[in-house]
Amino acid sequence: MGTEKKVIFLVLLLIVVIISCVNIHTPLLLAKHTNGVETTEEITINKEDKSQEAASTEEVIVSQEEPSTATQEVQVEVNEPENKEVQVTQDNPEDTTEKVINEKEPTEDQMEPLIKTDPRYIRENDEKPIEQLSIVTQQIQIDINNFIKDNPIVFKRASYSLNENSMKSIQMIADILKLNPNIKMEVAGHTDAAGKEKDNKEISYERARRVKNALVDLGIDEGRLIVRGYGEEIPLVKNSPNGYSMINRRVEFNIVEE
C-alpha cells in the first residue's frame, strides 16, 4: 500500500473514532444537563414551598391570636352586666328580696283544688265547700270518699237500720275524726226516687241522724257533726224505672270546717 493510501485510511479511521465518541458521550452530557436543571428547579420549588409554609405559619399564628382578642372582648362584655347586677343587688336589697319572693312556688291559695263540693250540698254560717279548705283537708276528704265508696253505708227500702258492715264503716269515720280533732263534718243522708219526695226527705234525715248518734256513741263530740237529709235530690247513680236504687239509699260524710 502506498503512503498516500495509508494516510487516507488513518484519517478515515480517526473520523470514525471521533464520531463514535461523540455518539457515546452526547446522551450522557444531555442527561447530566437535564438533571442539573431539574435539581435547580427542585431547589427553587423547595425554597418557594418553605416560603409559603412560613407565610402560612405566620397567618395561622395571627389567626390564633385574633380570636384570643375577640374572646377577651366577649368576656369583658359578659362580665360588665354581671358587675352591674351585683351593684344593683348591693344598692337595692329590697328589690332582690321581692324577686326571690316572686320566684317561689305558688301558695296553697293559688293551687288548683284537689276536689270540689257539689253545689247542691248546703253550706251555712262558717261552713265552707271543700275546695276552700286546705290541701291537707281536701286529701282527707278524698280518702273518706274512697273508703265509703268501697264500704258504703246503705239501707233497705224506707229503713233507718244500720247493719254490721255499716257499723264498721262508721267506726273508721270515728277514727278519722279522732285523728283530726279540728275538722267538722256533715253527715248527709240520701234516698232513691221511689215514694213521695217529702217522705224521702224525712227518711234521709233520719238515716243521717242515726249515723250521727252512732258516731257520738263512739266518742265523737256532737258539736262537730251536722245532720242533713237531701232526700232524692243528689243521686250517685241513675235510679231504676220504678225509682229504686240501693246505692242511692246511703249516708255520706263531708268535711265543712277545719
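Report the calculated FRET efficiency for Gln171 and Ile247 (r = Cβ-Cβ distance, R0 = 22 Å), to the nearest 0.05. Calculated value: 0.55.
Kindly state, to the nearest 0.05, the FRET efficiency for Glu202 paired with Leu114, given R0 = 25 Å and r defined as their beta-carbon distance. Write down the numbers at each step before the final one.
On the way: r = 34 Å, r/R0 = 1.36.
The formula returns an efficiency of 0.15 here.
As a test of understanding, state the convex hull volume per residue of segment 108-257 from its alpha carbons, in Å³.
Working: hull volume 16.4 nm³, N = 150.
Normalising the Cα hull of segment 108-257 by residue number yields 109 Å³.
Let me have the relative contact order for segment 104-258, percent, based on Cα pairs under 8 Å that are six or more residues apart. Provide the component values of the computation, followed by the final result.
On the way: 263 pairs, mean separation 45.7, N = 155.
Taking the mean separation of contacting Cα pairs over the length of segment 104-258, I get 29 percent.
Under 1.5 on a/c is rounded, so check that first for segment 150-202, then, if it is not, pick prolate when a/b is larger than b/c and oblate when it is not; a ≥ b ≥ c are the square roots of the alpha carbon gyration tensor eigenvalues. Verdict is oblate for segment 150-202. Take each peptide in 147-153, 158-164, count the other Cβ atoms within 10 Å of every residue, and average; sorted highest first, the result is 147-153, 158-164. Compute the Cα gyration tensor for segment 176-242, then decide on rounded, prolate or oblate, letting a ≥ b ≥ c be the square roots of its eigenvalues: rounded whenever a/c is under 1.5, prolate when a/b is larger than b/c in the other cases, and oblate in all that remain. The shape class here is prolate. Extension gain, Asp217 to Lys6, is 59.3 nm, computed as 0.36 nm per intervening residue step minus the present C-alpha separation. Remark: spin-label model distance Asp126-Val16 equals 14.9 nm, labels positioned 7 Å along the Cα→Cβ axis.
Past the 26 Å Cα-Cα mark, which pairs from Lys178/Lys198; Lys149/Lys238; Lys156/Lys184; Lys116/Lys196; Lys128/Lys178?
Working: Lys178/Lys198 35 Å; Lys149/Lys238 16 Å; Lys156/Lys184 28 Å; Lys116/Lys196 30 Å; Lys128/Lys178 21 Å.
As for pairs spanning more than 26 Å Cα to Cα, those are Lys178/Lys198; Lys156/Lys184; Lys116/Lys196.
Every read-out reported here was derived from the displayed coordinates using simple, explicitly stated rules and does not represent laboratory data. Treat the numbers as computed from the prediction; the structure is a model and nothing was measured. With ideal geometry, Cβ positions are generated from the backbone for all residues, glycine too; neighbour counts draw on all protein chains shown.
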